[in-house]
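The values are calculated or read from the model by the stated rules, or taken from the named source; none is laboratory data. Just so it is clear, the model here is predicted, and its values are computed rather than measured. All Cβ positions, even for glycine, are placed from backbone atoms using ideal geometry, and neighbour counts span all protein chains on display.
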Amino acid sequence: MLLARSFWWKAIVTALGAGLFVWLLEATMLDSRYVLLPLSLIEPNFDPTAPPAPGARLAFTATAYCKGTVTSSGVAAQSGVTAANPTLLPAGSVVQLDFKDDKYDGIYTVLDTGPEVEGREIDLYMWSCNEALRFGRTPVRMTVLRLGWNPRATTPSFFDRFRARPAPEPAAPPAAALPGTP
């Protein structure tokens with residue numbers, strides 16, 4: 001009743017409601033699924049030499065480089081380009097990187113290789129050498145979106161995950177392998 005008659009009470013309640021709405025809108029929800037779990041539980045079949053599957057979320061180490069004008073795949077070095085071990089992440093792979101610092105989060109394309117990049121390590125290209133030195137060696141969570149240039153080696157889409165896939169039929173043995181055939 002008091003609220004319906006007074007303009008100032010309406011203004012105060014409206015301002016508080018708007019402030020609460022903005023505060024909730026800007027709240028960041030952290031991805032806590034992987035915070036306290038050891039790597040062996042996140043990646044149960046942990047093999048550092050096996051190539052990752054599309055859609056896999058892996059722990060990598062990230063470094064930065066700034067020298068060079070052309071990558072090993074022939075593309076000009078620019079932001080969004082990374083170097084990786086070609087046995088794990090072949091050229092053309094698309095990955096999403098999640099750092100603790102949101103400044104470098106994003107989607108990157110593997111277009112380069114490096115002599116120092118071995119194992120689960122990824123090397124980001126940065127224009128500024130000073131920024132690359134400040135970047136140092138940082139742990140990163142990486143999601144493989146596409147493996148190599150093959151468009152079929154991508155993360156399954158939302159609808160592909162629910163679509164029923166028929167079981168593959170076993171291949172018939174060659175005619176020469178059947179018993180009683182010359």
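Overview of values
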{"quantity": "Single unsatisfied condition, W149 versus (1) modelled with pLDDT of 85 or more; (2) in a loop (DSSP other than H, G, I, E, B); (3) of a type in the set (F, W, Y)", "calculated": "(1)"}
{"quantity": "E169, sole failed condition from (1) modelled with pLDDT of 85 or more; (2) outside the structural domain of T71 (by TED's automatic domain parsing)", "calculated": "(1)"}
{"quantity": "Single match in G106, G68 (criterion: assigned by TED's automatic domain parsing to the domain that holds G148 and closer than 20 Å to T154 by Cβ)", "calculated": "G106"}
{"quantity": "Some residue of the range 108-125 being aliphatic (A, V, I, L, M) and touching a residue at least 60 places away in the same chain (Cβ under 8 Å)", "calculated": "yes"}
{"quantity": "Selected residue [modelled with pLDDT of 85 or more and surrounded by 10 or more Cβ atoms within 10 Å (Cβ to Cβ)] from L20, L39", "calculated": "L20"}
{"quantity": "Residue ranges of strands (runs of 3 or more DSSP E) in the range 43-140 with at least 2 members under 28 Å from P151 (Cβ atoms), among the hydrophobic types (A, V, I, L, M, F, W, C) and more than 13 Å from the chain's Cα centre (by Cα)", "calculated": "81-84"}
{"quantity": "Qualifying residues in the range 115-125 (those that are buried (at least 19 other Cβ atoms within 10 Å of the Cβ) and more than 15 Å from R141 (Cα to Cα)) - the one modelled with the highest pLDDT", "calculated": "Y125"}
